[in-house]
Amino acid sequence: MQLSHFDLLKPICPVCRVQGREQHRLALQVLVDQGPETVVEGILCCPDNACRHEFPILDGIPLIVPQLRSLISGWIDRIRARGSFSEPIESLLGDCCGSGSGFDDERQRRSSYTWDHWGQFDPTPDSAFLQNIAPGAITKLLADGLKLFSDDFLNCDKPILDMGCAVGRITYELAAKLQRPVLGIDLDVSLLRRAQQIRATERVEYPLRRTGLAYDRRCFSITNKFPQAVKENIDFWCCDVTALPFIDNQFSLISSLNVLDCVHSPLTALQEIERTLLPGGQCLLASPYDWSTSATPTESWLGGHSQRSETAGSPATIIRQLLTSGKHPSSLKNMQILATNENASWQVRLHERAAMQYGCDMLAVEKQS
C-alpha cells in the first residue's frame with residue numbers, strides 16, 4: 001500500500017458506513033513490514049470503540065471490505081499462496097488438482113486476464129490458432145470509452161478509481177493518459193497480488209494456457225514501458241465495489257469495465273459510483289451483461305429475465321432507466337448519460353483454440369453539479 005495513496009484517499013471504515021454509523025478514517029495500527037514509501041504488511045483499524053474492526057495489509061494490498069471474514073475464509077488458500085512455483089511443479093500440482101478445481105480456476109483466470117492486459121509486451125509469439133485474437137482488448141475498450149467524453153475532464157487533478165482492475169493494465173493506462181493518482185480495486189486477491197508484483201518488479205510472469213491442463217510459463221519485462229511517474233501514481237487495494245471505503249464526492253473519474261455483471265448487486269454498485277463521484281465527475285461503464293447467478297442472484301439482475309415486463313428483460317434499457325432521473329423507481333437522481341456505444345468490442349482468450357467474443361454496452365455518465 002502506497003502511503004501517498006493512503007494519505008490522499010483517507011479510507012474510511014466500510015463496516016461503519018454500511019451500518020449507517022459515523023464515518024471514521026482508518027488508522028494504521030500495526031506495522032509489520034514496510035518499504036521507503038509503502039506498507040507491505042500491517043493492520044488498519046477503525047478507531048471507533050463501538051466498532052474496532054481490523055483490516056489486514058497483505059503483500060502491499062489492504063483488504064478493506066465489510067465482509068472480511070467470509071472473504072478471507074473463502075479464499076485462504078489463495079491468500080496463503082504467496083510465491084510462484086516453478087513451471088514443472090505448478091504443472092504437477094495442476095494435474096493433481098484436476099480440471100474444475102480452485103487451483104485450475106485461478107490459473108485460467110490468471111492466464112486470460114494477464115494475457116490480455118500485458119501480452120502485447122511479450123516478445124515470445126503466442127501459439128494461438130486464432131489469428132484475429134490479440135492481447136490488448138481491454139485497453140482498446142478503454143480507448144474507445146474515453147472518446148465518449150469531451151477533453152474538459154482531462155484537466156482535473158482529482159484521483160481516479162479503477163473498479164475491477166484485475167492485474168492492473170487499465171490502472172496503468174489511466175495514470176499514463178490522465179496524469180493523476182489512480183487506485184485500482186478488485187475483490188480477487190490473487191489477481192491484485194500479481195498487479196502489485198508487476199508494479200514492484202516491472203516483470204510479468206504467468207501461466208499461459210494452451211489447452212486443458214497444459215500451460216506455458218511466460219516471463220518478460222515491462223521496464224521503460226511506462227514513465228516512473230505512472231508507477232508512483234498507482235496503487236492496488238482489495239475493496240468491494242458495492243461498499244466502497246471512501247467518503248462522498250472523492251473521485252473525478254470512475255472506470256468500471258465489465259464489472260456490473262460480476263457483483264451481487266449491480267444497483268448498489270451504481271449507487272456507490274454516484275456517491276463517491278465528485279459533482280461534475282464522470283464514469284465510464286461497460287458491460288456485456290453476461291449475468292450469472294453465481295455472481296448475482298436473479299432478484300438483483302438488471303434485466304436478462306422477466307421478458308414479460310415492459311423492458312422485455314433488456315439490461316441495456318434498465319441501465320439507461322436507472323441512470324436517468326425519474327425513469328425507474330430506483331433511478332439515480334444525480335446522474336446523466338452523456339454518450340453511448342452499444343456494441344463496443346471485447347474478447348477473452350480461453351486457450352490457444354478458443355476465445356469468447358463480447359459486444360459491450362458502453363456508457364459515459366456524469367454526476368450533475
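Scanning the stretch 191-228 for residues that are in contact with a helix residue (DSSP H, G or I) (Cβ under 8 Å, 6 or more places away or on another chain) and assigned to a helix (DSSP H, G or I) turns up 191, 194, 195, 198, 199.
Flag: residue 306 does not match the condition of being among the polar types (S, T, N, Q), open to solvent by 40 Å² or more (accessible area, probe 1.4 Å), out of contact with any strand residue (DSSP E or B) (no Cβ under 7 Å at 6 or more places or on another chain) and closer than 30 Å to residue 158 by Cβ.
Of all the criteria given as (1) open to solvent by less than 50 Å² (accessible area, probe 1.4 Å); (2) at pLDDT 95 or above, the one not satisfied by residue 248 is (1). For the stretch 25-65, filtered to residues that are open to solvent by less than 40 Å² (accessible area, probe 1.4 Å) and assigned to a loop (DSSP other than H, G, I, E, B), the residue that is modelled with the lowest pLDDT is 35.
Between residues in the stretch 241-256 that are under 22 Å from residue 21 (Cα atoms) and free of Cβ contacts under 8 Å to residues at least 60 places away in the same chain and residues that are basic (Lys, Arg) and open to solvent by 10 Å² or more (accessible area, probe 1.4 Å), which pairs lie under 9 Å by C-beta distance while being six or more apart or on different chains? From the stretch 241-256, the pairs are 248/275; 249/275; 249/367.
Here the condition is being in a strand (DSSP E or B) and either in contact with a strand residue (DSSP E or B) (Cβ under 7 Å, 6 or more places away or on another chain) or of a type outside the set (Val, Ile, Thr) (or both); of 254, 247, it holds for 254 alone.
Tell me, which residue of the stretch 259-286 that is touching a strand residue (DSSP E or B) at 6+ places or on another chain (Cβ under 6 Å) and closer than 16 Å to residue 360 by Cβ is modelled with the lowest pLDDT? Ranking the qualifying residues of the stretch 259-286, first place goes to 261.
Here the condition is being farther than 30 Å from residue 9 by Cα and surrounded by fewer than 18 Cβ atoms within 10 Å (Cβ to Cβ); of 293, 324, it holds for 293 alone.
If only residues of the stretch 208-245 that are surrounded by fewer than 21 Cβ atoms within 10 Å (Cβ to Cβ) and of a type in the set (A, V, I, L, M) are counted, the one that is farthest from residue 194 (Cα to Cα) is 243.
Considering the stretch 81-126, the residues that are open to solvent by 40 Å² or more (accessible area, probe 1.4 Å) and of a type in the set (Lys, Arg) include one that is modelled with the lowest pLDDT, namely 82. Scanning the stretch 5-43 for residues that are of a type in the set (S, T, N, Q) and touching a strand residue (DSSP E or B) at 6+ places or on another chain (Cβ under 8 Å) yields 23, 29, 34, 38. Out of the residues in the stretch 332-359 that are over 19 Å from residue 289 (Cβ atoms) and part of a loop (DSSP other than H, G, I, E, B), state the one that is most open to solvent (accessible area, probe 1.4 Å). Per the criteria, the residue is 333. In the stretch 310-331, the residue that is nearest to residue 135 (Cα to Cα) out of those that are touching a residue at least 12 places away in the same chain (Cβ under 8 Å) and assigned to a loop (DSSP other than H, G, I, E, B) is 323.
When the residues of the stretch 276-315 are narrowed to those that are under 21 Å from the mean Cα position of the chain (by Cα) and small (Gly, Ala, Ser), which ends up farthest from residue 262 (Cα to Cα)? Of everything passing the filter in the stretch 276-315, 281 is farthest from residue 262 (Cα to Cα). For the condition under 23 Å from residue 351 (Cα atoms) and either at pLDDT 95 or above or not in a strand (DSSP E or B) (or both), residue 241 does not qualify. Among all residues of the stretch 248-259, there is at least one that is closer than 25 Å to residue 2 by Cβ and touching an Asp or Glu at 6+ places or on another chain (Cβ under 6 Å).
Residue count for the stretch 127-171, restricted to those that are at pLDDT below 90, open to solvent by less than 50 Å² (accessible area, probe 1.4 Å) and either assigned to a helix (DSSP H, G or I) or under 21 Å from residue 256 (Cβ atoms) (or both): 2.
The values are calculated or read from the model by the stated rules, or taken from the named source; none is laboratory data. Just so we're clear, the structure is a prediction, and the values are computed from it rather than from any experiment. FYI the Cβ positions are ideal-geometry reconstructions off the backbone, even for glycines, and counts take in every protein chain you see. Side chains included, ligands, DNA and RNA excluded: accessible areas come from the protein's heavy atoms. Shrake-Rupley method; radii C 1.70, N 1.55, O 1.52, S 1.80 Å.
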